[in-house]
Amino acid sequence: MIQKLSIHKIKNLNRISPSQYHSAISCPYKLVLANSFGYQPLLPLNANAHFGSIIHKMIELISKGVINDEQTFSESWIDLISKKEEELKEKGLASITPLKYFISDFALKKNQIKNILQKRQEKINRSSKTSSSKFYPEKRLENSEKSITGIADLIIENDSGTTILDFKTGKIYSDAIDESGITEKVVKREYEVQLKLYAHLYFLMNGKYPKALFIVTLSNDFIEVEFENSDCEKIYSEALNFLATTNSFITKDDMKSIANPSIENCKYCSFRPACSYYSSWLTTNFEAVNDLFGTIEKVNQFSNDTLGFELQMQGKKVLINGLSTEKKKDYKSLIGKKVILYNLKKTKQSLNATATNFTVIYE
Ligand code: SF4
């Protein structure tokens with residue numbers, strides 16, 4: 001896929017969401033670019049990320065009671081999968097469809113969501129007899145200025161208080177080392193920050209804090225995030241401060257101070273093509289990531305019906321294989337041009353690389 005960067009204007013951030021805040025701390029410029037491009041990624045997301053959005057939608061529909069039996073489950077599943085596959089085809093990602101062949105444990109994950117439906121139905125049957133719980137799926141929580149705003153997956157209110165729940169489809173824990181040097185599993189800091197921000201926003205809207213915060217996994221495990229009210233308030237103040245500081249850098253047109261290229265920050269940043277700080281960083285760090293840059297010198301055709309580039313990079317010849325012949329004319333038009341190739345598959349032994357389903361070339 002060949003792309004050109006569209007014109008974009010750096011704009012002040014009007015708001016930040018609890019789910020964005022933690023990852024934006026390490027490189028605020030990522031959020032600034034996302035905002036300037038209307039949150040449309042400039043590089044394709046992998047199959048798991050697309051599938052994750054389907055899972056999240058299914059859980060949302062279950063929470064809202066739109067999916068309430070086997071039939072509505074199956075209709076929604078088929079509908080969401082086929083719409084997503086159509087979208088992927090339109091985006092030039094037909095090669096990762098049908099999704100079921102590109103997602104590990106596809107059937108298991110489908111069953112796990114079905115279990116969530118069953119458990120919810122059991123819970124509704126039980127609670128309709130015993131309690132007056134109210135369920136608020138996809139509940140917006142925000143401060144009065146709407147500068148910090150997000151949507152909690154589910155809020156349950158009853159006589160004993162409020163519980164805020166957020167559904168997560170990926171890894172929940174990261175490793176941490178305690179005082180005695182033992183490695184222990186802790187809930188990822190980004191999820192903890194997100195839920196604590198929800199708790200404080202809930203307080204601002206209702207004058208009281210929730211009694212509990214939970215992360216719910218695909219296996220229907222409920223993981224409690226313990227909190228102190230003062231901690232939630234502190235994180236909220238820091239988020240407000242982050243927003244004001246980032247906007248002051250935007251006003252001064254000082255992006256350099258808020259861009260922080262590193263392997264960890266940039267590896268999965270889908271705004272790399274628009275980030276000049278990343279492009280400069282790449283010239284000395286290309287061995288650590290899956291992107292390469294240089295001038296296309298030649299397009300070669302191979303007997304297995306694929307194409308390859310000869311790329312001139314810092315005085316070295318680099319070979320990129322595995323390109324589709326369908327785009328031969330477009331690729332030839334790149335000869336003599338400087339490009340950056342994103343999402344390649346590299347080998348440890350040499351600089352040479354292979355194109356993947358997700359490779360994108362930006363002129
Ligand atoms: S590419 Fe790296 S430095 Fe640039 S915005 Fe993304 S995370 Fe920040």
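The values are calculated or read from the model by the stated rules, or taken from the named source; none is laboratory data. This structure is a prediction, so every number in the text was calculated from the model and none was measured. Every residue, glycine among them, receives a Cβ derived from its backbone with ideal geometry; neighbour counts consider all protein chains shown.
Just checking, does the stretch 221-235 include any residue being more than 30 Å from residue 108 (Cβ to Cβ), within 16 Å of the ligand (Cβ to nearest atom) and surrounded by 19 or more Cβ atoms within 10 Å (Cβ to Cβ)? Looking for residues that are more than 30 Å from residue 108 (Cβ to Cβ), within 16 Å of the ligand (Cβ to nearest atom) and surrounded by 19 or more Cβ atoms within 10 Å (Cβ to Cβ), one finds none in the stretch 221-235, hence no. For the stretch 95-132, a residue qualifies if it is farther than 24 Å from residue 170 by Cα and either at pLDDT 85 or above or in contact with a Ser or Thr (Cβ under 7 Å, 6 or more places away or on another chain) (or both), and exactly one does: 127. The residues of the stretch 254-273 that are assigned to a helix (DSSP H, G or I), under 18 Å from residue 36 (Cα atoms) and within 8 Å of the ligand (Cβ to nearest atom), listed by number, are 266, 272. Screening residue 3 with (1) closer than 23 Å to residue 359 by Cα; (2) buried (at least 17 other Cβ atoms within 10 Å of the Cβ); (3) more than 14 Å from the ligand (Cβ to nearest atom) gives one miss only, at (2). Only one residue in 111, 46, 68, 14 is without any contact (Cβ under 8 Å) to a residue 24 or more places away in the chain and either within 16 Å of the ligand (Cβ to nearest atom) or out of contact with any Gly (no Cβ under 6 Å at 6 or more places or on another chain) (or both). Which one? Residue meeting the stated conditions: 111. Might you check whether a residue that is within 16 Å of the ligand (Cβ to nearest atom) and not hydrophobic (A, V, I, L, M, F, W, C) occurs anywhere in the stretch 191-209? Checked against the condition, which is being within 16 Å of the ligand (Cβ to nearest atom) and not hydrophobic (A, V, I, L, M, F, W, C), the stretch 191-209 yields no hits at all.
Among 95, 82, 53, 76, which is the only one that is within 30 Å of residue 14 (Cα to Cα) and assigned to a helix (DSSP H, G or I)? Give the steps one after another, and end with the answer.
Working: 95 fails: within 30 Å of residue 14 (Cα to Cα); 82 fails: within 30 Å of residue 14 (Cα to Cα); 76 fails: within 30 Å of residue 14 (Cα to Cα).
Matching residue, one of 95, 82, 53, 76: 53.
Taking the criterion of being polar (S, T, N, Q), under 28 Å from residue 269 (Cα atoms) and not in a strand (DSSP E or B), the residues of the stretch 287-325 that qualify are 290, 314.
Taking every residue in the stretch 24-42 that is under 23 Å from residue 361 (Cα atoms) and part of a helix (DSSP H, G or I) and pairing it with any residue that is of a type in the set (Lys, Arg) and more than 9 Å from the ligand (Cβ to nearest atom), at least 6 positions away or on another chain, the pairs with Cβ-Cβ distances below 7 Å are 35/11; 36/9; 36/11.
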